[in-house]
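The values are calculated or read from the model by the stated rules, or taken from the named source; none is laboratory data. It should be emphasised that the depicted structure is a prediction, and the values quoted were computed from it without experimental measurement. Note that we place each Cβ from the backbone using ideal geometry, even for glycine, and neighbour counts take in every protein chain shown.
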Amino acid sequence: MSESNIISFNGKYIAIAHTICSSSAFIAALIVGVSLHYHKIVENGHYGYPDEWFPSVSATIGDRYPERSIFQILIALTSGPRFLLLILSFIRYFNLNSFKFNLFGLIVGILRTVTCGGWVYITSTDDHDAHDVFMIAYIILTIPWNYYIINSTPKRTSLRNSRFYTSISFYLLLIPLVYFFIQHKVHIIAGAYSIYAYFEWGLIILDIGFDAWSIKDLSDLNVQITSNKELNFKISNNKNNDDINYEEQFSFKPKSFNEFSIIEIISSIINSFIFWSVTTSLPLVIWYFPLWNMGISGFELTILSFLSPVVLLIPQIRQLYTRYPSITRFATVIFGVGSYLVENPDYRLLVIALGVFFAFISFANEILSNSNSPKLKILSITFTLGLILSSIAKFWNYTNNPIWPIMHHDNGGWNKTGILIGLIGAFFTPKSFPQPPQSKEIKTPSLFTSGLGLGGLIYSIHALLTDSSTIITWVWDGYPIHGPVPIHGAISIVILLITTYFASTRAINHKVLVGLGVLGGIVLYSFHGWTGYIGGLIYSSFIVLSIPPYFQNISKLSPTVFILGSFTYIVLILAHVWIVAYAFVPAGWILRERTDIVYGISTLLLSLGLLKFPSVPLQINEKVGKIPSIINKIAVILAVISTIIAYQRFPLTDPQPYHPDSKILTAGIWTIHFGLDNDMWGSEGRMADLIKDLELDVVGLLESDTQRIIMGNRDLTQQLAEELNMYADFGPGPNKHTWGCALLSKFPILNSTHHLLPSPVGELAPAIHATLDVYGEWVDVVVFHSGQEEDEEDRYLQSLGVRDIMGSSDRPMILLSYLVTEPLQGNYNNYVSEESGMKDIDVSDWDRWCEYILYKKLKRTGYARISRGTITDTEVQVGKFVVEKDERYSQERIQESEVSQDLRFPDIFYGEGVRGHAFHVFDEPRYYQ
């Protein structure tokens, strides 16, 4: 039967129709919205016109009639060309890729289209959470969609380059987009949302533009619809597109069992990121319990979840996880990252411990199951890149990992995003296949030394590489600045990326590597400033370069090597706790203040394992031995992101005091309990809010050293200093064995000296003695944390030490302190004495034990005590001073009505106060003549 040609057209017109419909929907909505409701659609929850001047995409397409209806009608018309475009792409690449790869692309394309409909038709006004979930899902699905299209486009063609650079531009644009959204949402900066909107519209343009390249891709296809009682759909190739040769292709699956596809490489990096995020969170969550119990709580036993590789000794379980590696990766994400959903701290700890249990099974089994495989080298590199990615996430989020279980939506957590990305990584976890054993001539490494070395390696990574600012705090010694500051963390990250590239291309003689590590370690421990930092970078490189040989050699051994390694890791973590918590743990005196011993042992174990490894490297097939170029591209992208983060964190303006016209200095002291609130959530944001509300120009923070494994390797001063625009001095560093003190100041810090006060029996007492430029006058501030109540001799000697520090300066001075004494009794009379020259801010305040504010040669005008809310277990004490020399020290109080407005405390703290913070003890502030 003859066929009749009903219609025939070129395939590019489908892509043209898709481009016109999608772009016109947004353009029409923008034109109508600006014309009819300009002032309303540029307004947000904080500002309106003229502070904000450009509407966001969501406000344009979803907030008002008729632009919302116009947009939805036009975007509905896009669905027809959209699904035809998906079908044409599937057919176009049908014989050029594997069927599974094409099916993968079709499924991703359909899901991406559905999620697009989700955020388009469910606006933020209708349901904010649903809108965000569909939006995030759409962006995430764009990654595999772009990969599918680019990977299906022949290499060395202008079309492939155009698609690649359009895609890269899309993802790079997400960085300033997120930055300005945070400026709007968190910092509430006028105009930030309009700038955010520019980038949001830019993403729309690039997203439509990426699909628009299909106009060129499909220009050699003709679509014919014919009839012979039935309709037949035919596509022919007119071969007019000379720029494209579809004979050279990549497949979704690797050509060899010894290769990783790009998707598998990205999946491995994501899995490593999740592994380190979950692993580093467990000690931090455990720390909450002895912190509140002031001693061993029993919850510390959950650290034994690191020993989970013991289950791999059971052959059936090992076979199951080898065949289906995604099982343990899924469990790691669900229990590890998803634990934030459990509000009760006790249960949250148990759930995160279960996540760590599966994380270490995944870590061990994937190395063991790739024994003798060239895949192992790639796995070691992706493991390192995932580690670095977790450090970048912390660098972006002021040293808090945004998917930790101490984070949630209200304090900057990205937990939902972490779960979604983690599940994608788990789904595409590379499978491994048994490999034939190597020649018997190659010596098998020692299980004992390898296990000990593995424990040293994991501990060293955790202690020094999981945050970009850790070695910076090790070498920080105050003002004037002679070394790196936190934003130089980008340098640390870039050096690690360069070292990772070096590790992927060549192997270093193990003896040379150990020599490098020992040299760097000695310099890091012995020097401050830039010299110590360079030593730290060398030591960090030593750790990273050790990862590939460890993966290569421990893969040849039984699961016992991971059990021994995990046990060693646990012992080293406990030892590193003992060095500072010696007063609260059994036999604490053994490792009291001995960072050098713990640090030296971990280096020794790591080095011993390297030196005992066979010198013959893993034999790699020439065809698959090279590290895929995508890994180097990812490393470059991560380096660029780190640099951008450092740039956007660079302070743009100098800090300014709150009341310069009155020459007021408002100073406070607060014991912040290591940044964990009563419910085990990170509290930096809430602390910043209170400090800002109190208009503190200078604040001393105690119990603030969180640069340890058990505290998450965090630096609380970073977020506080940058959000409040203050100078920061991180007290004696984490290698000085104290609970820490810190100083934040709106005034320039001219000089600062860090002190460790005498402590023959109990805990060390840290102090900062700083000189500030306060309205042109030099004013000294001392921040001090005394030892605990039980050690009377320590507290007496420390009181003499601080007395001498205060007495050594004849400048105006303020002491912001934690003294552990009753007013007018005992050691109080050393602090307030003729030798020190200091006076109590309010002698009549008898209800004090810990926190005190003392001063000299300043005019004291006010004093208040502010309740802590649920942030910590200690109140905030605040004093107001006028910078003029005053030797009267009168205790006469006056009424608030007699005090000028600039000298008063904020009214918001009267009565119920704000967010649980109110005047208490006196129920009102005190003012003085």
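For residues that are β-branched (Val, Ile, Thr) and touching a helix residue (DSSP H, G or I) at 6+ places or on another chain (Cβ under 9 Å), tally how many sit in segment 652-711.
Matching residues across segment 652-711 total 7.
Aromatic (Phe, Trp, Tyr), touching an Asp or Glu at 6+ places or on another chain (Cβ under 8 Å) and in contact (Cβ under 8 Å) with a residue 24 or more places away in the chain - does that describe any residue in segment 857-878?
Yes; the residues of segment 857-878 include at least one that is aromatic (Phe, Trp, Tyr), touching an Asp or Glu at 6+ places or on another chain (Cβ under 8 Å) and in contact (Cβ under 8 Å) with a residue 24 or more places away in the chain.
Name, by its number, the condition in (1) without any contact (Cβ under 8 Å) to a residue 60 or more places away in the chain; (2) surrounded by 15 or more Cβ atoms within 10 Å (Cβ to Cβ); (3) closer than 28 Å to Gln929 by Cβ that does not hold for Pro812.
(1)
Has segment 38-52 got any residue that is over 29 Å from Phe180 (Cβ atoms) and at pLDDT 80 or above?
no
Count, please, the residues in segment 312-349 that happen to be over 16 Å from Gly425 (Cβ atoms) and crowded, with 18+ Cβ neighbours inside 10 Å.
9
Could you please find all residues in segment 483-518 being outside any helix (DSSP H, G or I) and within 29 Å of the chain's Cα centre (by Cα)?
Gly483, Pro484, Val485
Does at least one position in segment 399-414 carry a residue that is buried (at least 19 other Cβ atoms within 10 Å of the Cβ) and closer than 21 Å to Ala364 by Cβ?
There is no residue in segment 399-414 that is buried (at least 19 other Cβ atoms within 10 Å of the Cβ) and closer than 21 Å to Ala364 by Cβ.
Report, ordered by the first and then the second residue, all pairs with beta carbons closer than 6 Å, sequence separation of six or more or different chains, a first member in segment 781-796 that is assigned by TED's automatic domain parsing to the domain that holds His754 and more than 18 Å from Leu854 (Cα to Cα), and a second member that is surrounded by fewer than 20 Cβ atoms within 10 Å (Cβ to Cβ) and modelled with pLDDT of 95 or more.
Listed by first residue and then by second, the contacts come to nothing, as the list is empty.
Identify, please: which residue in segment 879-925 is assigned to a loop (DSSP other than H, G, I, E, B) and hydrophobic (A, V, I, L, M, F, W, C) and is, among those, farthest from Lys663 (Cα to Cα)?
The extreme case among them is Val921.
Out of all the residues in segment 879-894, which are more than 14 Å from Trp670 (Cα to Cα) and either touching a residue at least 40 places away in the same chain (Cβ under 8 Å) or β-branched (Val, Ile, Thr) (or both)?
Answer for segment 879-894, where residues must be more than 14 Å from Trp670 (Cα to Cα) and either touching a residue at least 40 places away in the same chain (Cβ under 8 Å) or β-branched (Val, Ile, Thr) (or both): Lys880, Phe881, Val882, Val883, Glu884, Lys885, Tyr889, Gln891, Ile894.
Pairs only if they're at least six apart or on different chains, beta carbon under 6 angstrom, first in segment 314-339 and aromatic (Phe, Trp, Tyr), second assigned to a helix (DSSP H, G or I); list them, first residue then second.
Tyr321/Thr328; Tyr321/Asn365; Phe330/Ala426; Phe335/Val351; Phe335/Leu354; Phe335/Gly355
Among the candidates Leu159, Leu218, Leu172, single out the residue that is in contact with a strand residue (DSSP E or B) (Cβ under 8 Å, 6 or more places away or on another chain), aliphatic (A, V, I, L, M) and assigned by TED's automatic domain parsing to the domain that holds Ser24.
None of the others qualify; the one that does is Leu218.
Within segment 150-203, count every residue that is among the polar types (S, T, N, Q) and free of Cβ contacts under 8 Å to residues at least 60 places away in the same chain.
Summing the residues that are among the polar types (S, T, N, Q) and free of Cβ contacts under 8 Å to residues at least 60 places away in the same chain in segment 150-203 gives 6.
If I filter segment 777-798 down to residues being assigned to a strand (DSSP E or B) and among the acidic types (Asp, Glu), which single residue comes out as nearest to the chain's Cα centre (by Cα)?
Taking the candidates together, the pick is Asp780.
Say we look at segment 97-120 and pick out the residues that are farther than 12 Å from Ile149 by Cα, of a type in the set (A, V, I, L, M) and touching a helix residue (DSSP H, G or I) at 6+ places or on another chain (Cβ under 7 Å); which of these is surrounded by the most Cβ atoms within 10 Å (Cβ to Cβ)?
In this case the residue turns out to be Val120.
I'd like the residue in segment 416-444 that is crowded, with 21+ Cβ neighbours inside 10 Å and over 16 Å from Pro144 (Cβ atoms) and, out of all such residues, is modelled with the lowest pLDDT.
Ser432
How many of the residues making up segment 868-906 are buried (at least 17 other Cβ atoms within 10 Å of the Cβ) and among the small types (Gly, Ala, Ser)?
Selection size over segment 868-906: 2.
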